[in-house]
Amino acid sequence: MRGLQQSVLGAMTVRCRQVGAVNLAQGLSQVPPPASVLAGGARDFADVGHSYTQPEGLPVFREAVADKLKRSSGLSVDPATQVLATVGATGALMATLTALLDEGDGVVLFEPFYSYYLSSLQVVGLHPRPVRLTGPDFAITADRCGRRSPTGPAR
C-alpha cells in the first residue's frame, strides 16, 4: 500500500464534513429515504436469507442475466460458467485486474479517468500509462499510447 494517497473523492467527502457542505461527489445521499420505503424494506428484509451466498452470485440471478443478454443482445451464455456477479464495480475491477494481468504489466488509462482506477492499478503492482485523448476526433493512436506503429499512426 506504499505510495497510495487518499482518493480525490475521499478527500472531498472529508472536506464536506469539515465545512458542513452537501457532498455531490460520490452519490452520497444527504436526504433520508421516505418512511414508506424504510417500512417496505424492513418488511421485505424479514423474508430474505441472511447468510453468505456463493461468491459468484446466486444461480437465479446469473440465469436472469443470461436471459437478459439473450433477449437484448442475442448472446447465448452459460449462467453457470460465463456469468459472474460481484460486489459492485469495485469488486469487479479488482477481480478482473488480478485475473487477467500480471504484476508489472502496463495498462492504458484514457484521460480523464476515475481516480479509483489509478489506485487499483497501483495496489496490484500494475503500471498506469495515462493517455489524454483530444478533440475533435478523440482518436486512439499508437503514438498517443506511447508506441509507434511500424506503418505510422494507427487510426
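The values are calculated or read from the model by the stated rules, or taken from the named source; none is laboratory data. As the structure is a computational prediction, the values presented were derived from the model and not from experiment. Backbone-built Cβ (ideal geometry, glycine too); neighbour counts: all protein chains shown. These accessible areas exclude ligands, DNA and RNA; they are computed on the full protein's heavy atoms, side chains included. Shrake-Rupley method; radii C 1.70, N 1.55, O 1.52, S 1.80 Å.
Structure values in brief
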read-out: Rounded FRET efficiency, nearest 0.05, which uses the C-beta distance separating Tyr52 from Val77 and R0 of 25 Å; value: 0.50
read-out: Heavy-atom surface of the chain, accessible at 1.4 Å and reported per residue (Å²); value: 76 Å²
read-out: Accessible area of the chain belonging to carbon and sulfur atoms, whole % at 1.4 Å probe; value: 59 percent
read-out: Ser115 paired with Ser36, simple spin-label distance in nm, labels 7 Å along Cα-to-beta-carbon; value: 3.9 nm
read-out: DSSP-assigned coil residues among chymotrypsin sites (Phe, Trp or Tyr not before Pro) in segment 1-110, each with at most 11 further Cβ atoms within 10 Å; value: Tyr52
read-out: Where trypsin sites (Lys or Arg not before Pro) fall in DSSP loop in segment 1-96, at most 10 other Cβ within 10 Å; value: Arg2
read-out: Segment Val124-Ser7, length gained on full extension (0.36 nm per residue, minus Cα span); value: 40.5 nm
read-out: Cα-centre dipole for segment 11-155 with unit charges at Cβ (Lys and Arg positive, Asp and Glu negative), debye to 20; value: 520 debye
read-out: The chain: calculated mean residue ellipticity at 222 nm from DSSP helix runs of at least 4, using -39500 (n - 2.57); value: -12000 deg cm²/dmol
read-out: Glu103-Asp44 FRET efficiency (beta carbon distance; Förster radius 30 Å; 0.05 resolution); value: 0.10
read-out: FRET efficiency estimate (nearest 0.05) - Cβ-Cβ, Ala89 to Ala21, R0 22 angstrom; value: 0.30
read-out: With eigenvalues of the C-alpha gyration tensor scaled by 5 and rooted, the chain, Å; value: 35, 27, 17
